[in-house]
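The next block holds one structure in the form of structure tokens; read it before the comments.
The values are calculated or read from the model by the stated rules, or taken from the named source; none is laboratory data. Keep in mind the model is a prediction, meaning the values are calculated, not measured. Don't worry about glycine lacking a Cβ; one is built from the backbone with ideal geometry, like all the others, and counts go over all protein chains shown.
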Amino acid sequence: MESLNRRKFIQHTGLLAAGSLLSPLAGYGYRREKQRLAMVGTGGRGIGMWGTSVVEAYSDIVEFVGLCDINPGRVAYAKNQMKVACPVYTDFDKMLREAKPDTLIVTTTDSTHHEFIIKGLEAGLRVISEKPMTTDAEKCEAIFEAEKRTGNKVIVTFNMRYTPYVEEIWELLRNGEIGDIKSVDLNWYLDTSHGASYFRRWHGERQFGGTLLVHKATHHFDTLNYWMDSEPEEVFAYGSLDFYGQKNSPIHHTHCRTCPHKSSCNFYWDITKDRGAMNLYVDHEKHDGYLRDGCVFRKEIDIYDTMAVQYRYANGVPVNYSLTAFSPYEGFRVAINGTKGRLDAWIKSSMPTGVPPYQEIVITNLFGHVKTIQVIPQSGGHGGSDPRLKDKIFRFPDSPDRFKQSAGSRDGAMSALIGIAARQSIETGKIVKIADLTSLKPLAKKA
């Protein structure tokens, strides 16, 4: 058994401690002029991932010139929380006209991403979109057409590509550690805390998030696309709502605060004890009626909580994927089979017995030799991936993309289209061809 400790891992991959992967690359396009940022969508993700943290880490090279949200109270709170002096708007077009940004960050509900991406491209802006890029094939196509029409491009923020263990697996596969890849199994588990949170929020309704096959699984599908260096060709899937939603519980209500079943519901969440959620959501729900502590069994929930997807890449590699949103623990198991051996990883995010201080990847060759690689998470959100992604976007946009982690509209589409195709397959009971959904034709090897 071989072990790769932190020092060897850093030497092996070229990573630097504390998540500062790109800091020695100042000669490669270091941004010295201040970028004029505008953000549309000031919910928790916008403020946390792209608001406060960006101001704190990059104020020497960026400035926010506008914030926009349909909820006037929430956008005013965002301005205060981010400690910025820019104007706030509920009219997106007015913000573009008056604030004159050069960069637009899109963090609205998933189903509206395309609207703001397209307007940003048409305004000549550098557009940064949260994943998923969008939720439907027609919206993907509209984004492609806008890029062609304007000559501008969208950046899709797949932060999982920048996670140390994802990067390490990518490099192991590129180095031929298991030979030619022949099949993949990926099983993802969301626990009854994180998993349930999707059903409390707007994500629980398909019209907003496109189901977890798009909103959540786009992370997973993009990671597989990234590892496989190929694009999906055809998809078949099963999906059902087996645990959450009104039909699965004799007790249900609209939201937790006024629920008569508080004492008997394991999913009761007292939002009044979460000062941040109260300030951001409850204090401003009068403007739009959005209830952040929604009941996980409410009647409006119409997405799947149990999903199984089989799909094949254009290079012939088949994938078996599953997502369960009510597991007692959280993480994923991946197994990649090749002509020389097998790669296994059991990435633990939340466990009743605790999470180990490292993630373990095991390479087993066909004749029993085992190599174990221990990857130490780095500081910063999502195991160190968030600061590395933001460094690439804001501080060193022209630095060499050694691990091919930057993602554009094609990457955004190819991950979302697996979920979109899976959704269509569940509804029709048929295999869905990716090439039938948009103008993109899957490539056996990514360009």
Can you pull out the residues in region 182-213 that are surrounded by fewer than 22 Cβ atoms within 10 Å (Cβ to Cβ) and of a type in the set (A, V, I, L, M)? Val184, Ala196
Check on Pro387, part of a loop (DSSP other than H, G, I, E, B) and either at pLDDT below 95 or over 30 Å from Asp136 (Cβ atoms) (or both): no
Being in contact with a Phe, Trp or Tyr (Cβ under 8 Å, 6 or more places away or on another chain) and not in a loop (DSSP other than H, G, I, E, B) is the filter; apply it to region 350-380 and report the residue that is surrounded by the most Cβ atoms within 10 Å (Cβ to Cβ). Val375
Could you check, for region 66-81, whether at least one of its residues is over 25 Å from Tyr290 (Cβ atoms) and surrounded by fewer than 16 Cβ atoms within 10 Å (Cβ to Cβ)? no
Going through region 365-384 one residue at a time, which ones are touching a Gly at 6+ places or on another chain (Cβ under 6 Å) and at pLDDT below 95? Pro377, Gln378, Ser379, Gly380, Gly384
So which residues in region 279-321 are within 22 Å of the chain's Cα centre (by Cα) and surrounded by fewer than 18 Cβ atoms within 10 Å (Cβ to Cβ)? Asp302, Thr306, Gln310, Asn320
Picked from region 365-414 (must be of a type in the set (Val, Ile, Thr) and more than 20 Å from Val154 (Cβ to Cβ)), the residue farthest from the chain's Cα centre (by Cα) is Val370
Residues in region 230-287 that are assigned to a helix (DSSP H, G or I) and of a type outside the set (Lys, Arg): how many? 16
Quick check on my filter: what residues within region 117-142 are within 11 Å of Val154 (Cα to Cα) and in a helix (DSSP H, G or I)? Ile117, Ile118, Gly120, Leu121
Determine the pairs where a residue that is assigned by TED's automatic domain parsing to the domain that holds Asn187, located within region 219-241, has a partner that is surrounded by fewer than 22 Cβ atoms within 10 Å (Cβ to Cβ) and at pLDDT below 95 with Cβ atoms under 6 Å apart, the partner being 6 or more residues away or on another chain. Asp229/Lys446
For region 131-168, which positions are of a type in the set (Asp, Glu) and in the same structural domain as Phe394 (by TED's automatic domain parsing)? Glu167, Glu168
Taking region 94-112 and keeping only residues that are surrounded by fewer than 17 Cβ atoms within 10 Å (Cβ to Cβ) and assigned to a helix (DSSP H, G or I), one is left with Lys94, Arg97, Glu98
Quick one: is Ser20 surrounded by 14 or more Cβ atoms within 10 Å (Cβ to Cβ) and at pLDDT below 95? yes
